[in-house]
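Following: one structure in structure tokens, then a few remarks.
The values are calculated or read from the model by the stated rules, or taken from the named source; none is laboratory data. If you're wondering where the values come from, they're calculated on a predicted model, not measured in any experiment. Glycine gets a Cβ as well: all are built from the backbone with ideal geometry, and neighbour counts include every protein chain shown.
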Amino acid sequence: MDRSELCTEQEIATLVYGFYDRIRADAMLGPVFNTHITDWNTHLQIMVRFWSSLLLGAGTYSGTPMPKHVALPGLHADMFRQWLALFHATTEELPNRLLATRAEEYAQRIARSLWYGWQMNNAPNSLPSELAHV
Ligand code: HEM
């Protein structure tokens, strides 16, 4: 199957908007996002381009997530675990199960990598912790 047949852009928008609705309502993560994101419309558009580029090969995202997350103060492993739990709760509801699986795989890999990068830059003298139980 060609990657572009996995899903429509509309399905990605549904995933992204549903996920950030959960994020914004979350007691732990909502305040972090709301502190750093002033323009939610722009953020959501960036996130649709990010996921479309990963899942469909759309090539419409050209940012650099790692430095943006490394610069966020006070992150910890439970935040990434909660991020993944909310993402999972969102993909679980998608009728397109292949899209759900692919999105989940990317999310797991990128969350681990961002958490590693964050620790490397912000706590270089401690051994990195894993997001093992997710
Ligand atoms: C604890 C977990 C996370 C927190 C608190 C968090 C928070 C944030 C915040 C506040 C921004 C806006 C930064 C800015 O504009 O300066 C952002 C951007 C972004 N995040 Fe996360 N994030 C988390 C995990 C993730 C994960 C796991 C992914 C990918 C699977 C991800 C992908 C992105 C992307 C693509 C952007 C846009 C970067 C750009 O402007 O190009 N984030 N995140």
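Details
- Condition met for Ala89 (more than 7 Å from the ligand (Cβ to nearest atom), modelled with pLDDT of 95 or more, among the small types (Gly, Ala, Ser) and touching a Ser or Thr at 6+ places or on another chain (Cβ under 6 Å)): no
- Residue, farthest from the ligand (Cβ to nearest atom), within segment 23-39, restricted to residues that are assigned to a helix (DSSP H, G or I) and free of Cβ contacts under 8 Å to residues at least 40 places away in the same chain: Ala25
- Enumeration of residues in segment 89-131 that are under 21 Å from Thr64 (Cα atoms) and hydroxyl-bearing (Ser, Thr, Tyr): Tyr106, Ser113, Tyr116
- Residue check, Glu93 touching a residue at least 60 places away in the same chain (Cβ under 8 Å) and not polar (S, T, N, Q): yes
- Note on segment 40-66: among residues that are more than 9 Å from the ligand (Cβ to nearest atom) and part of a loop (DSSP other than H, G, I, E, B), the one that is surrounded by the most Cβ atoms within 10 Å (Cβ to Cβ) is Ala58.
- Answer residue from segment 67-87, given it is among the hydrophobic types (A, V, I, L, M, F, W, C) and farther than 19 Å from Glu105 by Cβ and is surrounded by the fewest Cβ atoms within 10 Å (Cβ to Cβ) among those: Ala71
So that you can scan it fast, the table gives a plain yes or no per residue for (1) part of a loop (DSSP other than H, G, I, E, B); (2) touching a Gly at 6+ places or on another chain (Cβ under 7 Å); (3) among the small types (Gly, Ala, Ser):
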position	(1), (2), (3)
Pro73	yes, no, no
Leu84	no, no, no
Pro95	yes, no, no
Leu98	no, no, no
Ala103	no, no, yes
Arg112	no, no, no
Trp115	no, no, no
Asn121	no, no, no
Ser129	yes, no, yes
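- From the options Gly63, Gly30, residue that is more than 13 Å from the chain's Cα centre (by Cα), closer than 29 Å to Glu5 by Cα and modelled with pLDDT of 95 or more: Gly63
- Considering segment 7-36, the residues that are crowded, with 16+ Cβ neighbours inside 10 Å and among the β-branched types (Val, Ile, Thr) include one that is farthest from Thr101 (Cα to Cα), namely Val32.
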